Amino acid sequence: MTLLITVLIVGMLVGGISSVLGLGGGIILVPALNVVFRLPHSEAIATSLATIAFITLLNTVRFARRNEIEWTLVFYLLIFSAVSSGFGGFLVTFLSEQILLAIFILFLIYVLIQMFIGYQSRHSAPKHKSRWYWMSLIGVSSGLISGTTGVGGGIIITPLLFKSRLVKEGNVVPLTNAIMFLNAFFALIPLAFAQSAEHSFWGVGLIHFDRALLLFLGAIPASILGTKYQARIPIKLKKVFIALILLVILGRMILRWTASF
């Protein structure tokens with residue numbers, strides 16, 4: 001019973017973070033799956049992505065019903081994110097954990113710098129870079145990060161959407177959820193065909209769908225409330241929370257990277 005309650009609470013946290021801030025929640029899921037379910041890191045990544053796929057699909061459907069998603073932009077981003085996220089999931093079985101963490105840390109530092117610069121230049125004219133530049137940057141970077149770390153890629157997508165101004169600020173979170181679903185879906189394909197050390201009735205490759213479904217059920221109430229009220233939260237407050245979460249993620253990743261030597 002205690003384990004079930006813990007899983008539901010973790011799922012609620014992930015659902016709330018995903019729907020309100022546009023972050024996939026994998027930063028909570030991956031360590032939780034290691035600690036609560038004691039899954040190997042590769043299986044925690046795969047199961048985290050499966051949970052994120054369920055949650056962000058639910059969010060995307062709800063946002064789509066309110067016509068808050070620009071589907072043309074989703075299609076163009078899909079060109080880049082599908083290939084990069086699938087390749088990222090494929091890399092999990094080849095690259096060492098040290099290399100994967102180092103890539104993640106370096107790009108996370110870049111995103112944080114861009115976020116803090118963005119606070120001071122919010123009302124200035126946007127930089128003259130093409131839409132294809134921003135779409136390729138968002139799609140490729142978020143896809144690789146999603147596939148290799150088990151997060152949805154929201155930590156990359158949301159700040160870059162704010163900076164690029166591809167969409168109105170109020171549509172950033174809906175678009176982020178749609179992209180996160182695509183990232184998770186395509187990253188899961190190679191992970192589903194990988195060989196797992198342990199198998200269960202609900203397991204496919206490295207993915208434990210039984211755990212993913214339990215976490216998803218816990219996330220549903222928070223996700224529904226989040227998609228309903230996220231537009232009422234000031235954009236500036238969202239950015240502050242995103243920056244704080246990114247700093248926490250950076251610290252955790254650095255600790256894990258140093259411990260891997």
Let me confirm something: among Leu21, Leu73, which residue is farther than 22 Å from Phe94 by Cα and modelled with pLDDT under 80? Leu21
Long-range neighbours under 7 Å by Cβ, at least six apart or interchain, first residue without any contact (Cβ under 8 Å) to a residue 40 or more places away in the chain within segment 142-167, second open to solvent by 10 Å² or more (accessible area, probe 1.4 Å) and part of a helix (DSSP H, G or I): Ser164/Trp134
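Right, Leu101: buried (at least 16 other Cβ atoms within 10 Å of the Cβ) and either modelled with pLDDT under 80 or of a type in the set (Asp, Glu) (or both) or not? Before you say what the answer is, go through the steps one by one.
Numbers: buried (at least 16 other Cβ atoms within 10 Å of the Cβ): yes; either modelled with pLDDT under 80 or of a type in the set (Asp, Glu) (or both): yes.
Yes: the conditions hold for Leu101.
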Leading residue by the ranking (farthest from Phe104 (Cα to Cα)) among those in segment 229-255 that are without any contact (Cβ under 8 Å) to a residue 60 or more places away in the chain and assigned to a helix (DSSP H, G or I): Arg232
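The values are calculated or read from the model by the stated rules, or taken from the named source; none is laboratory data. Not measured: the values here are computed from a predicted model. For neighbour counting, all protein chains shown are included, and Cβ atoms are generated from backbone atoms with ideal geometry for every residue, glycine included. Surface accessibility is based on the protein's heavy atoms, side chains included, excluding ligands, DNA and RNA. Shrake-Rupley method; radii C 1.70, N 1.55, O 1.52, S 1.80 Å.
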